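A.B. asks: Let me give you the structure first, and then I'll get to my questions.
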Amino acid sequence: MNLVKDPWLPMRLQDGSEQVLPMSQISRSDVVDFALPRADFQGAAYQFAIGLLQTVFAPNGQTEWVKLFETPPSQEVLENAFHSVEHAFHGDGDGPLFMQDFDLLEKQTATKVSGLLIEAPGENGIKNNTDHFIKRGIGEQMSLEMALLALFTLQINAPAGGAGHRVGLRGGGPLTTLIQPSTETATLWQKLWLNVINREDWVYYDPDFTDGSVFPWLAPTKLSDKKNTEIYENSKDINLLHMFWAMPRRIRLEVQHREGVCHISGKTAQKVVTDYRTQNYGHNYSGNWSHPLTPYKGDPKKPEAEWLSIKGQPGGLHYKIWDVLSFSSDTQAQKCAAVVSHFEVVSKHYRKALKQVRSRLWVFGYDMDNMKARCWYSASMPLFQFDPEQQNDLLVEVKYLQKLSSDALWHLRSEVKAAWFESPSDAKGDMSFIDMEFWQRTENLFFDAIAKLMEEIQEDDDRQQLSTAAAKTWLTKLQFVVLDLFDEYALSELGSERTMIKRIEARRSLSGWLYGGKDIKAFKTDHKIEAKQEVS
């Protein structure tokens, strides 16, 4: 089986049907998406296809990029391009195998293939019977296709595995941000090509597809059981395309040539995998890597400090991190994914050709607690087109709105606690439901304000912040939502006279900040909002 030649990934067609097709058919006009049975596999399939296109079919410049977006290549053209790396994408057989260790690892004890699934309980969890919410027994038999995709998903998201089982190149559970067309009729090719970067805007050496500099499984593993064995982005034996194919874990699948039902897809397969072998001290990626599909954050006060990938956090993906997903700034020490920056630059130069391309951000990834997966998050967020030279000024205003929103949430949470408990020390337990409800209810307000800001700067290039009217509209609605949430949580029941007095006092305190707090006054002053007495 070969992953760039043979049919192995299910794809969804325009009529709603699904077919397992070869990668060379991703440019078909009737293919609209992948159709994987798991959300993390769906995200991995996109990263596999984008990485493949970037590796063997990257356009030379912006003009070629636009032409290929408008007129996709034929199946024959893609077949010829993929042929150059067929030797690196064998799924079984003799010789190097996709994402598997160069060594056969024959001395290692076999373990259940379900261990490739990031959320699967570990040996201690099963032994101690602590896998209450993440059940054992999932995926104990997989088709070769799903096992390979599970392996790829693990390698690109690998969390800390303990005892030398290395973390992924982007850290454990990194967020991936992809640009996607907003139109329902968009093809899979358009969804993928928006995330391929031309060679003028991303400069790297012409790849050698035979020596392991791009595909690490083609060469013996660089063991990391000793000091000074780290692999850095600027290592002389590493091509930047290696980032798409990084392989921190040493794993070999045990393929059985027999018929069986895949526990992931539910379909009968002719080759199945029930076990794999693994060994520690694989490739140890270290230092500042800049994966093209992931945003990064540094320390503005310590420019020399290591930049870290943005990762999933408890509570989900909300607009509080939208700035780092969309903007890059040396001053703020943040970098959006390179594919986002690339699209912004190309959009500026080819506004006419890309005028009809309404785009959005697809953000997804695991929320990891070391090696434990707490949750998988996936969200769609707006992506606005603006002149890249304006982004530093725009970022200041975006962060202003985010900061005031976060302050409003803090005061809301504090006053709800004050209404509920006799003293702050009694306020224990998980209060994250307040945060989640706040971010959800204020998200449209935030993006409406940003959309208005983008509209206003199109009319006035010198504008750097919301107009007075737009700022007042956003602030008024934010104030309303905060008080509405407080009333739901603290005043929905009458209670005793004593507790009602306490709750009324908490509401009065919250209103005092919302309409007269120092931060609110500063926002009104900065946006020339006329101050007047507000009635709480």
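The values are calculated or read from the model by the stated rules, or taken from the named source; none is laboratory data. Small disclaimer: the values here were computed from a predicted structure and weren't measured. Here the Cβ positions follow ideal geometry from the backbone for every residue, glycine too, while neighbour counts run over all protein chains shown. Side chains included, ligands, DNA and RNA excluded: accessible areas come from the protein's heavy atoms. Shrake-Rupley method; radii C 1.70, N 1.55, O 1.52, S 1.80 Å.
Every residue, every condition in (1) touching a helix residue (DSSP H, G or I) at 6+ places or on another chain (Cβ under 9 Å); (2) in contact (Cβ under 8 Å) with a residue 60 or more places away in the chain, yes or no:
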site: E184; (1), (2): no, no
site: W189; (1), (2): yes, yes
site: L194; (1), (2): yes, yes
site: E200; (1), (2): yes, yes
site: Y205; (1), (2): yes, no
site: D208; (1), (2): no, no
site: S213; (1), (2): yes, no
site: L218; (1), (2): yes, yes
site: K222; (1), (2): yes, yes
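A.B. asks: While we're on this one: For residues that are within 21 Å of the chain's Cα centre (by Cα), closer than 22 Å to F486 by Cβ and open to solvent by 10 Å² or more (accessible area, probe 1.4 Å), tally how many sit in the stretch 440-455.
C.D. replies: Initial filter on the stretch 440-455 (within 21 Å of the chain's Cα centre (by Cα)): 440, 443-444, 446-447.
Next, only the ones that are closer than 22 Å to F486 by Cβ stay: 440, 443-444, 446.
Cutting the leftovers down to open to solvent by 10 Å² or more (accessible area, probe 1.4 Å) gives us 440, 443-444.
Residues flagged as within 21 Å of the chain's Cα centre (by Cα), closer than 22 Å to F486 by Cβ and open to solvent by 10 Å² or more (accessible area, probe 1.4 Å) within the stretch 440-455 amount to 3.
A.B. asks: Determine if the stretch 100-115 includes at least one residue that is β-branched (V, I, T) and open to solvent by 20 Å² or more (accessible area, probe 1.4 Å).
C.D. replies: From the stretch 100-115, those β-branched (V, I, T) are 109, 111, 113; that's our starting set.
Cutting the leftovers down to open to solvent by 20 Å² or more (accessible area, probe 1.4 Å) gives us 109, 111.
Taking every residue of the stretch 100-115 in turn, at least one turns out to be β-branched (V, I, T) and open to solvent by 20 Å² or more (accessible area, probe 1.4 Å).
A.B. asks: Has the stretch 71-84 got at least one residue that is assigned to a loop (DSSP other than H, G, I, E, B) and open to solvent by less than 20 Å² (accessible area, probe 1.4 Å)?
C.D. replies: Residues of the stretch 71-84 assigned to a loop (DSSP other than H, G, I, E, B): 71-74, 84.
Subset that is open to solvent by less than 20 Å² (accessible area, probe 1.4 Å): 73.
Yes, the stretch 71-84 has at least one match.
A.B. asks: On the given criteria, is A39 closer than 22 Å to V113 by Cα, open to solvent by 50 Å² or more (accessible area, probe 1.4 Å) and not β-branched (V, I, T)?
C.D. replies: yes
A.B. asks: Name the residue that is most open to solvent (accessible area, probe 1.4 Å), counting only residues in the stretch 339-354 that are in contact (Cβ under 8 Å) with a residue 60 or more places away in the chain and not in a helix (DSSP H, G or I).
C.D. replies: So the residue we want is Y350.
A.B. asks: Going through the stretch 210-223 one residue at a time, which ones are in a loop (DSSP other than H, G, I, E, B), within 22 Å of A44 (Cα to Cα) and of a type outside the set (V, I, T)?
C.D. replies: Narrowing the stretch 210-223 to residues in a loop (DSSP other than H, G, I, E, B): 210-215, 219-223.
Right, trim to within 22 Å of A44 (Cα to Cα) and you get 212-215.
Selection gives G212, S213, F215.
A.B. asks: Looking at V363, V272, V357 in this structure, which one is in contact with a strand residue (DSSP E or B) (Cβ under 9 Å, 6 or more places away or on another chain), at pLDDT 95 or above, surrounded by 16 or more Cβ atoms within 10 Å (Cβ to Cβ) and closer than 30 Å to T187 by Cα? If you could, list the steps in order and put the result at the bottom.
C.D. replies: Values: V272 fails: closer than 30 Å to T187 by Cα; V357 fails: at pLDDT 95 or above.
Within the list V363, V272, V357, the selection yields V363.
A.B. asks: Do the conditions hold for F327, that is, is it among the aromatic types (F, W, Y), surrounded by 19 or more Cβ atoms within 10 Å (Cβ to Cβ) and under 23 Å from G168 (Cα atoms)?
C.D. replies: Numbers: among the aromatic types (F, W, Y): yes; surrounded by 19 or more Cβ atoms within 10 Å (Cβ to Cβ): yes; under 23 Å from G168 (Cα atoms): no.
Here the answer is no, as F327 does not meet what is asked.
A.B. asks: Quick check on the stretch 214-221. Is at least one of its residues open to solvent by 10 Å² or more (accessible area, probe 1.4 Å) and of a type in the set (S, T, N, Q)? Reasoning before the result, please.
C.D. replies: If we filter the stretch 214-221 for residues that are open to solvent by 10 Å² or more (accessible area, probe 1.4 Å), which is where we start, we get 218-221.
When the remaining residues are screened for being of a type in the set (S, T, N, Q), the result is 221.
Looking through the stretch 214-221, at least one residue is open to solvent by 10 Å² or more (accessible area, probe 1.4 Å) and of a type in the set (S, T, N, Q).
A.B. asks: Which residue is surrounded by the fewest Cβ atoms within 10 Å (Cβ to Cβ), if the candidates are limited to the stretch 515-536 and must be at pLDDT 85 or above and either assigned to a loop (DSSP other than H, G, I, E, B) or hydroxyl-bearing (S, T, Y) (or both)?
C.D. replies: Step by step, filter the stretch 515-536, then rank; the result is E530.
A.B. asks: Of all residues being modelled with pLDDT under 95 and either at positive phi or among the aromatic types (F, W, Y) (or both) in the stretch 401-439, which is least open to solvent (accessible area, probe 1.4 Å)? Just the residue, please.
C.D. replies: Among them, the one singled out is F421.
For every residue, the table says whether it meets (1) of a type outside the set (F, W, Y); (2) not in a loop (DSSP other than H, G, I, E, B).
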position: W362; (1), (2): no, yes
position: D367; (1), (2): yes, yes
position: R374; (1), (2): yes, yes
position: Y377; (1), (2): no, yes
position: F386; (1), (2): no, no
position: L404; (1), (2): yes, yes
position: K428; (1), (2): yes, no
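A.B. asks: Among the numbered criteria (1) open to solvent by 20 Å² or more (accessible area, probe 1.4 Å); (2) at negative phi; (3) under 29 Å from the mean Cα position of the chain (by Cα), which single criterion is violated by M243?
C.D. replies: The number of the failed condition is (1).
A.B. asks: Read through the list (1) under 19 Å from the mean Cα position of the chain (by Cα); (2) open to solvent by 60 Å² or more (accessible area, probe 1.4 Å); (3) at pLDDT 95 or above, then give the number of the only condition that P314 fails.
C.D. replies: Condition (3) is where P314 drops out.
A.B. asks: Which of the residues belonging to the stretch 1-24 are in contact with a strand residue (DSSP E or B) (Cβ under 9 Å, 6 or more places away or on another chain), farther than 22 Å from D92 by Cα and not in a strand (DSSP E or B)?
C.D. replies: Of everything in the stretch 1-24, just one residue is in contact with a strand residue (DSSP E or B) (Cβ under 9 Å, 6 or more places away or on another chain), farther than 22 Å from D92 by Cα and not in a strand (DSSP E or B), namely Q14.
A.B. asks: Please work out which one of (1) assigned to a loop (DSSP other than H, G, I, E, B); (2) open to solvent by less than 50 Å² (accessible area, probe 1.4 Å); (3) among the aliphatic types (A, V, I, L, M) is the condition V203 fails and give its number.
C.D. replies: (2)
A.B. asks: Still on this structure: For the subset of the stretch 224-233 comprising residues that are in contact (Cβ under 8 Å) with a residue 40 or more places away in the chain and part of a loop (DSSP other than H, G, I, E, B), which member is least open to solvent (accessible area, probe 1.4 Å)? It would help to see each step written out before you state the result.
C.D. replies: Start the filter on the stretch 224-233 by keeping residues that are in contact (Cβ under 8 Å) with a residue 40 or more places away in the chain, which leaves 224-225, 229-233.
Of the ones still in play, those that are also part of a loop (DSSP other than H, G, I, E, B) are 224-225, 229-230, 232-233.
Working: S224: 5, D225: 82, T229: 22, E230: 58, Y232: 91, E233: 53 Å².
Filtering first and then ranking leaves S224.
A.B. asks: Restricting to the stretch 484-501, name every residue that is open to solvent by 10 Å² or more (accessible area, probe 1.4 Å) and either touching a helix residue (DSSP H, G or I) at 6+ places or on another chain (Cβ under 7 Å) or of a type in the set (S, T, Y) (or both). Please lay out each step first, then the result.
C.D. replies: First, the residues of the stretch 484-501 that are open to solvent by 10 Å² or more (accessible area, probe 1.4 Å): 484, 487-489, 491-501.
If the condition is that a residue be open to solvent by 10 Å² or more (accessible area, probe 1.4 Å) and either touching a helix residue (DSSP H, G or I) at 6+ places or on another chain (Cβ under 7 Å) or of a type in the set (S, T, Y) (or both), then Y489, L491, S492, L494, S496, T499 are the ones that fit.
A.B. asks: Collect the residues in the stretch 264-273 that are part of a strand (DSSP E or B) and farther than 20 Å from Q155 by Cβ, keeping them in residue-number order. Step through it out loud before you land on a result.
C.D. replies: Kept after step one, since they are part of a strand (DSSP E or B), are these residues of the stretch 264-273: 268-269, 272-273.
Within the stretch 264-273, T268, A269, V272 qualify.
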